[in-house]
1. For the chain, with all protein chains present and a 1.4 Å probe, just round the carbon and sulfur fraction of the accessible area to a whole percent.
2. I'd like the Karplus ³J(HN,Hα) series for the range 100-115: coefficients 6.51, -1.76, 1.60, θ = phi - 60°, whole numbers in Hz, and an x wherever there's a Gly or Pro.
3. Among N37, F159, W9, pick out the residue whose Cα is farthest towards the positive end of the charge dipole of the chain, where Lys and Arg carry +1 and Asp and Glu carry -1 on C-beta, about the Cα centre.
4. Using 23 Å as the Cα-Cα cut-off, could you pick out the over-long pairs in K41/K92; K4/K161; K85/K137; K59/K140?
5. Longest exposed-loop-site-free stretch of the chain, with GluC sites (Glu not before Pro), DSSP loop and at most 11 other Cβ within 10 Å?
6. Using a Gaussian network model on the chain with a 10 Å cutoff between Cα atoms, which of V112, V26, V51 fluctuates the most?
7. Show me, for the range 32-38, the HN-Hα J-couplings you get by feeding each phi into the Karplus relation (A = 6.51, B = -1.76, C = 1.60, θ = phi - 60°), rounded to Hz, glycine and proline as x.
8. Quote the charge dipole size of the chain about the Cα centre in Debye, to the nearest 20; the model charges only the Cβ of Lys and Arg (+1) and of Asp and Glu (-1).
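The values are calculated or read from the model by the stated rules, or taken from the named source; none is laboratory data. Since we're looking at a predicted model, the values are computed, not measured. Virtual Cβ from ideal backbone geometry, glycine too; neighbours counted across all protein chains shown. Just the protein is used for accessible areas: all its heavy atoms, side chains included, with ligands, DNA and RNA removed. Shrake-Rupley method; radii C 1.70, N 1.55, O 1.52, S 1.80 Å.
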Amino acid sequence: SKVKNVLDWGCGGGLLSKQLKKDFHVSSIDISEDSLNNCIKYASPDYHQLVPIDIDTFKWEGENIDFIHCHALVWHFPTLEYFQKILDIWDKLSPNYIAFNTKPIKDDYREVENYSRDFLSALRLNDDFVVNLLKEKNYKVINQEKVNTGKTVQTYFVFEKK
């Protein structure tokens, strides 16, 4: 009931944007122009925006966001620094909720040496490390669940603004 506007960060072809649109006003963004165009055709988001390759130049031009949804994407980020820049953007958007999933590890984090070869699991994050990163942004974890997909273990997080 507290959510009206949802941002599907990394919308891909729009599968989840289309589902979210059944109940919410949906904004969809992606770094891939092809993916974003496919999402527009498939899901008809209320607003869409391309994420620039240089994340430092990102400027949100859409409406205020209540909820950021980022599915199956964080592990594609090239570095922890990049993820922290994304978190800074999310923090500026100041949604009530943020949800995303990761591929957990025991150490705080791990980046791959060769991103172009290993981009499918480029950034791995420890669950407690993730919770602390969001705590620094004034978000508390309200749901955290580890799921074994059969191919990999993932942790699903939902955070709420304090």
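1. Looking at the chain in its full context, I get 47 percent from C and S.
2. Couplings: 7, 10, 9, 9, x, 9, 7, 6, 4, 7, 9, 10, 7, 7, 10, 4 Hz.
3. Value computed over the given set: F159.
4. Flagged as over cut-off: K41/K92; K59/K140.
5. 1-60
6. Comparing V112, V26, V51 in the GNM, the peak value goes to V112.
7. Along the range 32-38, the couplings run 9, 5, 4, 4, 4, 4, 5 Hz.
8. It works out to roughly 560 debye.
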